[in-house]
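Structure record follows, encoded as structure tokens.
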Amino acid sequence: MIPAAFDYYRPKGMDEVIALLQEHGDDARVMAGGHSLIPMMKLRMAEVPHLIDLQDIDGLSDISVDQGRITIGAMVTQHDLINHDGLTAAAPILREAALQIADPQVRYMGTVGGNVANGDPGNDMPGLMQCLDAQIHLIGPDGERTVAARDYYEAAYMTDREDDEVLVSVSMDTPQGGYAYEKQKRKIGDYATAAAAVQIVKVGGSVKSASVAMTNLSDVPVWSEAACDALVGTACDAAAVKSAVAAMLGDIDPAEDNRGPVAFKRHVAGIILTRAIERAWSRA
Ligand SMILES: Cc1cc2nc3c(=O)[nH]c(=O)nc-3n(C[C@H](O)[C@H](O)[C@H](O)COP(=O)(O)OP(=O)(O)OC[C@H]3O[C@@H](n4cnc5c(N)ncnc54)[C@H](O)[C@@H]3O)c2cc1C
């Protein structure tokens, strides 16, 4: 399909981006890799009369790993992320998850900022960011502000970001302990039927802390505090994993679609989370 007509802008500075967003309001969108937005425009599910390309804006493609803190620019592609050795050493779950997104062609173009900003429940990075307790950095007409990833998602395609704000980066503390990103999909390159991001810190044979987030099982990513609580203080044995899964199932709200009925999705969610916890624990 061919998208509706649009004006294309390629500004050189963030001030110009924000001025264009203010001028055109809901009729304008920024474009990063274009691998979610352009398909939506072609399918006429999104009409964007004013398309603002971010690729000439300096400073959005940096990755920094410094003194226990990780910062990833919005225009860092999934390919860049996968191939950054320092990032992989500091937070291997990022690479493990990114390798399960789509296929290499999409990952060359798709960006961290676009994936996080989009608000598509099927995107893998929002849940990952919630698992890592990431901060999302935005810039708009009133300057910069930061929102916790766990507070950012409001409903499908609805986030805390205002129309005239741009996501500039995400940051997080270097995660500790074992990790796993598990994803069940219908075929290579597909979005998740269910995915789980897990980090576990083990001290003296028991779980000191845990973080659990689920993808594509509600209209927003789900960080399950109850599942985390079910693991803390246990030896991560079968009973603890079962309790964590039960707690997670209380937090998700999947809808029937072409990936299956609700009962199937809940079943898959339980299997995927069990696998993720067991693998994270084995690496902790
Ligand atoms: C065949 C196919 C399979 C895919 N499979 C998966 C998958 O399995 N898992 C997955 O997670 N993703 C998947 N994707 C999506 C892919 O990862 C996207 O590229 C990504 O979600 C969006 O990144 P983008 O840079 O392309 O964003 P764009 O398409 O450019 O933008 C997406 C949305 O975010 C907004 N946006 C982009 N950047 C910013 C910013 N810096 N600030 C504010 N708003 C911004 C845009 O206005 C737009 O509304 C798939 C895509 C395709 C085409």
Could you give the size of the charge dipole of the chain about its Cα centre, using +1 on the Cβ of each K and R and -1 on the Cβ of each D and E, expressed in debye and rounded to the nearest 20?
1580 debye
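Based only on Cα atoms, what mean projected area does the convex hull of the range 7-53 have, in nm²? Walk me through the numbers on the way to the answer.
Details: hull surface 12.2 nm².
Approximately 3.1 nm², given one-decimal rounding.
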Of 32, 117, 19, which has the largest mean-square fluctuation in a 10 Å C-alpha GNM of the chain?
19
Of the residues 35, 50, 267, which exhibits the maximal mean-square fluctuation in a Gaussian network model of the chain defined by a 10 Å Cα contact cut-off?
267
Antiparallel bridges, percent of DSSP beta bridges restricted to the chain (to nearest 5):
85 percent
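What per residue convex hull volume, in Å³, do the alpha-carbon atoms of the range 63-173 yield? Show your work: numbers first, answer last.
Values: hull volume 10.1 nm³, N = 111.
About 91 Å³ per residue, rounded to a whole number.
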Over 21 Å (Cα to Cα) - which of 183/208; 208/242; 185/265; 183/265 fall in this group:
183/208
Farthest toward positive dipole pole in the range 125-284 [+1 Lys/Arg, -1 Asp/Glu at C-beta], among 281, 223, 260:
281
Added length on full extension, which subtracts the Cα-Cα distance from 0.36 nm per residue, residue 237 to residue 253
3.1 nm
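Going through the range 2-48, which trypsin sites (Lys or Arg not before Pro) have at most 15 other Cβ atoms within 10 Å and a DSSP loop state?
Working: sites: 12, 29, 42, 44; in loops: 12, 44.
Here the sparse-neighbourhood loop sites are 12, 44.
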As I understand it, the dipole of the range 1-160 uses +1 on the Cβ of Lys and Arg and -1 on the Cβ of Asp and Glu, about the Cα centre. Which of 32, 76, 43 lies farthest toward its positive end?
43
Label-reachable residues, the range 217-259, where backbone N falls under 20 Å from a point 7 Å from residue 173's Cα toward its Cβ:
223-234
GNM on the chain, C-alpha springs below 10 Å: top fluctuator among 109, 41, 214?
41
Rg and Dmax of the range 223-264 over Cα atoms: what are they, in angstrom?
12.5, 39
Whole-percent tail of the Cα-Cα distance distribution for the range 1-126, cut at 18 Å, equals 56 percent
Taking each pair of different alpha-carbon atoms in the chain once, compute 1/r for the pair, average those values, and report the inverse of that mean as the Kirkwood hydrodynamic radius in Å to one decimal.
19.3 Å
Between residue 4 and residue 154, what is the label-point separation in nm under the 7 Å Cα-to-beta-carbon projection?
2.2 nm
Provide the descending list of Cα extents for the range 178-283 along its principal axes, expressed in whole angstroms.
44, 27, 21
Using DSSP to define loop residues, name the GluC sites (Glu not before Pro) in the range 213-284 whose beta-carbon has at most 13 other beta-carbon atoms within 10 Å.
256
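Taken together, the values in this text are just the output of simple stated rules run on the coordinates, not laboratory data. None of the values given here were measured: they were computed from a predicted structure. Every residue, glycine as well, gets a Cβ built from its backbone with ideal geometry; the counts of neighbours run over all protein chains shown.
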